[in-house]
Structure formats: structure tokens, C-alpha cells
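Report on the following structure.
The values are calculated or read from the model by the stated rules, or taken from the named source; none is laboratory data. All figures in this text were calculated on a predicted structure; none of them were measured in a lab. Here the Cβ is made from the backbone with ideal geometry for all residues, glycine too, and neighbour counts use every protein chain on show. Ligands, DNA and RNA are stripped out before the accessible areas are found, and what is left, the full protein with its side chains, is counted by its heavy atoms. Shrake-Rupley method; radii C 1.70, N 1.55, O 1.52, S 1.80 Å.
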Amino acid sequence: MSAHNQSTATPPLGSVLVVGGGIVGLASAYYLAKDGWKVTVVDRGDFTGNCSYGSAGMIVPSHFTPLAAPGIVMQGIKWLFDSRSPFLLRPSPSLSMISWGLKFMGHANEKHVTRSAPHILALNNLSRDLYDGLAAKLGNDFGLEHRGILMLCKTEKAFEEEVHLAEKARALGLKVDVLNREQMQTVEPNVMLDVFGATHFLSDSHLYPPALMSLLLQRLKQLGVTLIPHTEVTGFVRHSGKITKLLTNNGEYSADTVVLTGGAWLGQLARKAGITIPMMPGKGYSFMTSAFEGKLKHPALLIEARVALTPMGGQVRIGGTMELAPINHRINRKRVEGIVSAVPQYYSEYRLQMPDEKNIWHGFRPCSPDGLPYLGRSKSISNLIVAGGMGMMGLSLGPAAGKIVSEVARQAKPSTSIQLFDPERFN
Ligand SMILES: Cc1cc2nc3c(=O)[nH]c(=O)nc-3n(C[C@H](O)[C@H](O)[C@H](O)COP(=O)(O)OP(=O)(O)OC[C@H]3O[C@@H](n4cnc5c(N)ncnc54)[C@H](O)[C@@H]3O)c2cc1C
């Protein structure tokens with residue numbers, strides 16, 4: 001089977017095969033198809049079971065600090081001894097995990113943060129604008145709203161740190177309000193808040209991920225993109241510095257250009273293609289609740305608890321935890337209890353029930369060790385473009401990644417610098 005053979009008309013730009021149908025793969029397919037490529041997307045699932053679906057739906061220019069930042073290592077060590085903590089590092093004797101951990105520690109410093117912040121922010125700002133464009137083109141049935149995100153702090157210490165971050169954000173051009181308890185209550189008047197204070201990142205937005213994904217899938221079909229579910233890429237054939245064939249459980253595929261996404265599985269896929277892309281899955285959980293009865297106006301991050309709340313179509317999606325460990329599909333109830341019990345500490349009227357296991361979604365954030373995306377053309381495989389590793393902000397960055405993939409594919413200048421995002425920087 002060949003992606004070449006599926007159409008008789010020769011498109012002007014040739015064929016592209018996108019591996020992975022999460023937000024990064026679908027957004028890539030969208031911008032590539034609009035440019036005139038003949039696009040095929042293969043996914044080993046049915047396009048609905050990926051990390052993008054269950055995410056908290058936050059569009060986050062506020063997240064200009066990479067996960068690898070000063071203080072995270074010490075904080076992580078403290079959290080190791082708390083079974084309900086928002087962070088879990090499950091040590092594994094695998095060499096790749098040790099190597100990822102060492103690289104992560106090597107990047108958790110101020111110099112790395114200062115260097116990376118403007119680049120991450122530029123990508124997020126681009127994405128936010130592209131989301132507006134998508135809402136205009138696809139119709140905003142995916143609930144894109146620009147109300148900002150509240151960073152709620154219980155303690156004075158966390159508040160001071162958030163105020164410091166807000167100052168940095170303003171210096172980078174973001175609009176942020178600093179709110180004391182009373183001001184906070186005015187912004188979110190319908191629920192009782194038990195917090196010391198908050199910052200309000202006005203340039204952040206939110207949306208409903210499943211609606212976004214299904215609208216994108218519909219639009220891709222209209223654009224003539226071929227979507228192939230239940231097809232797992234298992235290997236690559238390389239010849240003269242190019243990928244000539246993709247091997248799958250469902251036959252062989254070929255295309256002029258290959259775009260590798262794959263989320264938390266990008267590292268494994270890259271290894272099969274013969275390049276090194278360190279990746280760690282960061283498992284997280286989310287569930288929906290109608291407990292807030294439509295009263296919550298703003299998405300919020302509960303800073304000390306690292307829990308996210310996002311209003312979505314009358315309900316609220318609550319998500320959190322970061323388990324850095326080899327992929328496993330167990331629901332760790334203690335971690336979910338940690339999320340559930342954090343909510344009334346901030347919203348004192350809302351004591352939530354532990355959700356049934358069948359209603360707890362889990363997904364794997366694709367985490368690079370330096371907290372930066374992998375985005376750009378491979379230096380060793382000339383027809384390969386990589387897009388992934390966006391960790392906690394893959395939904396936010398998806399459209400920008402897709403747009404840049406399309407620009408790289410046609411050798412155009414990327415809309416924003418991808419200098420720090422070289423997919424083979426750890427080779
Ligand atoms: C609890 C939680 C909350 C989150 N909240 C937010 C948020 O508010 N905002 C935000 O920006 N981000 C958020 N994220 C992170 C975000 O969800 C991810 O960064 C993003 O979804 C990654 O998108 P992706 O396309 O790279 O990967 P995915 O969405 O995981 O898609 C990868 C796809 O590749 C396919 N695939 C893998 N291997 C193969 C193979 N061998 N062959 C074929 N197909 C393959 C998979 O089936 C999958 O469909 C959250 C994550 C979690 C866990």
C-alpha cells in the first residue's frame with residue numbers, strides 16, 4: 001500500500017505522511033493540506049484516545065517557563081515521599097530513564113529558563129492567534145474563550161513567587177493582574193474562594209478539547225486528507241538519507257515527506273527511524289464534574305496542588321498529577337484523591353466525590369528533558385520533520401507546531417524561531 005497510489009491527480013507539492021493523530025498531528029495535517037500537499041495521517045488508535053482529548057484545554061502563553069526550572073528537582077524530591085502529591089518520579093533501572101533524568105537536572109537552572117522563555121512564549125502567542133483563526137474558519141463550536149487563567153495561591157509564599165513570575169511575564173509583554181483576596185472574589189463572584197491571592201494571566205484562553213479534535217477531523221476530511229486509524233507504525237526503511245517506507249501492522253506506506261508526531265511515543269518511533277529523541281511520559285488524570293453548576297467563570301490553576309480546573313460547556317474538567325514513569329495504564333487512586341481533595345482547599349464550598357474509575361481519564365504528556373519542544377526538519381533524514389515533546393502545553397502549542405511543520409515542509413521561513421527546538425539536539 002502506498003500513500004502515493006491513493007490518488008491519480010499529482011498534487012503540486014507532493015505527498016506527506018503524518019504519524020500520529022493527536023493535536024500536533026492533526027494541526028500539521030490541516031496546515032499542510034491547506035498548502036496543497038496530499039496528506040495522509042496514520043494513527044494506531046481511532047484518533048480519540050490520545051493525550052490531546054482529555055487535557056485541561058488551557059491555551060497558555062503564561063507557561064513560558066520550561067518544566068526543567070530551578071527548584072523543581074528539590075520540590076520533586078520532597079513530593080516523592082507523599083503518595084497524594086502532584087508529582088511522582090517512579091525510578092526505573094532503564095538507561096534511557098536515567099539519561100533523561102540527568103539531562104533534566106542539567107537544564108533545571110535559571111540560565112536555561114531565561115534563554116528559553118522568549119522562544120516558548122513566541123510559539124504560544126502564535127498558537128493563540130492561530131486558534132482565533134481556527135475558530136473563525138471552523139466555527140467556534142469548540143468553546144474557545146478568552147477569559148485568562150487564574151493562578152490561585154493558598155499561601156503567601158506561593159503568592160510571592162507568582163507575583164515575581166507575573167513581573168517577568170509583564171517584561172515579556174504579557175498582561176497580568178495581581179489580585180488580593182477581595183479583588184479575586186470580584187473576578188470570580190459566584191463561588192467562595194479560600195485563597196491568599198492570585199494572578200490573572202489575561203492573555204490565556206481555554207477550549208473544549210474533544211470538540212476541537214472532532215471539528216479538526218471533519219475539516220481534514222473536507223480538505224481531502226486521508227485518515228487511517230488502527231495503523232501502528234512499527235518500523236522505517238531508510239535509503240540514501242531518506243525514509244523510503246513506513247512499516248505498519250496494516251501494510252507499508254511511503255510518501256515524499258514524513259512528519260513524526262506520536263506524543264509520548266515519539267522517542268520510540270524516532271529510535272526505530274534511527275535517531276535519538278529523549279522522551280518521558282508524564283502521566284496525568286482528568287475527570288468532569290457538574291458540581292460547580294455553571295458558576296465557575298474562569299479556568300484556574302491551584303498553584304500549590306498543581307491542579308487545573310477548566311469550565312467546559314456547563315461542567316468543569318479537573319486535571320492534574322505528573323507521574324514520570326514508563327508507560328502504564330493503571331489508575332493510581334491515591335493520586336486522583338490528591339486532585340479531588342485539593343479542590344475544597346481553594347473552593348471551600350465544593351467537596352467533590354471521588355469519581356468512578358471508568359470516569360477517570362488518563363493520558364501521557366510527552367516530556368522532553370529540557371522542557372522544550374522538538375520541532376523542525378531532521379538533519380540526518382532529509383525528508384523527515386519532527387513535531388512533539390510539548391509536555392504540559394501540547395494542546396496550547398499544537399496549531400503553532402502544525403503551522404511551522406507546514407512552513408518547514410515547503411522550505412519557508414518559520415513564523416517564529418525554532419532555533420532551540422532542533423529535534424536532534426540530544427543526538
Ligand atoms: C491531565 C492533563 C492535562 C493537560 N492539560 C493541558 C492543557 O490544559 N493545555 C495544554 O496545552 N496541554 C495540556 N496537556 C498536555 C497535552 O495534552 C499534550 O501535550 C498534547 O496532547 C500532546 O499532543 P500530541 O499530538 O503530541 O500527542 P497525543 O495527543 O498523545 O497524540 C499522539 C498520537 O500518536 C499516536 N501514536 C503513537 N505511537 C504511534 C505509532 N507507533 N503509530 C501510529 N500512531 C502512533 C497515538 O495513538 C496518538 O493518537 C495535558 C495533559 C494531561 C495528561
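Within the range 365-389, being open to solvent by 10 Å² or more (accessible area, probe 1.4 Å) and under 12 Å from the mean Cα position of the chain (by Cα) holds for Arg365, Pro366, Gly371. Filtered by the rule that a residue be under 24 Å from the mean Cα position of the chain (by Cα) and open to solvent by less than 20 Å² (accessible area, probe 1.4 Å), the range 225-243 gives Val225, Thr231, Val233.
For the range 140-180, taking the residues that are part of a helix (DSSP H, G or I) and of a type in the set (Lys, Arg), the one that is least open to solvent (accessible area, probe 1.4 Å) is identified as Lys168. Within the range 10-53, the residues that satisfy the criterion of being near the ligand (Cβ under 6 Å from one of its atoms) and outside any loop (DSSP other than H, G, I, E, B) are Val19, Ile23, Val24, Gly25, Val42, Cys51, Ser52.
Looking at Gly49, Gly101, Gly76, Gly36, can you tell me which residue is at pLDDT below 90 and farther than 29 Å from Pro299 by Cβ? Reasoning before the result, please.
Details: Gly49 fails: farther than 29 Å from Pro299 by Cβ; Gly76 fails: farther than 29 Å from Pro299 by Cβ; Gly36 fails: at pLDDT below 90.
Unique residue meeting the criteria: Gly101.
Looking only at residues in the range 253-288 that are within 8 Å of the ligand (Cβ to nearest atom) and of a type in the set (A, V, I, L, M), which one is farthest from Val41 (Cα to Cα)? In this case the residue turns out to be Ala264.
Looking at Ala270, Ala300, Ala264, Ala325 in this structure, which one is in contact (Cβ under 8 Å) with a residue 12 or more places away in the chain, among the small types (Gly, Ala, Ser) and surrounded by fewer than 22 Cβ atoms within 10 Å (Cβ to Cβ)? From the options Ala270, Ala300, Ala264, Ala325, the qualifying one is Ala325.
For Asn427, the conditions (1) open to solvent by 10 Å² or more (accessible area, probe 1.4 Å); (2) farther than 20 Å from Met279 by Cα; (3) not charged (D, E, K, R) are fulfilled apart from (2).
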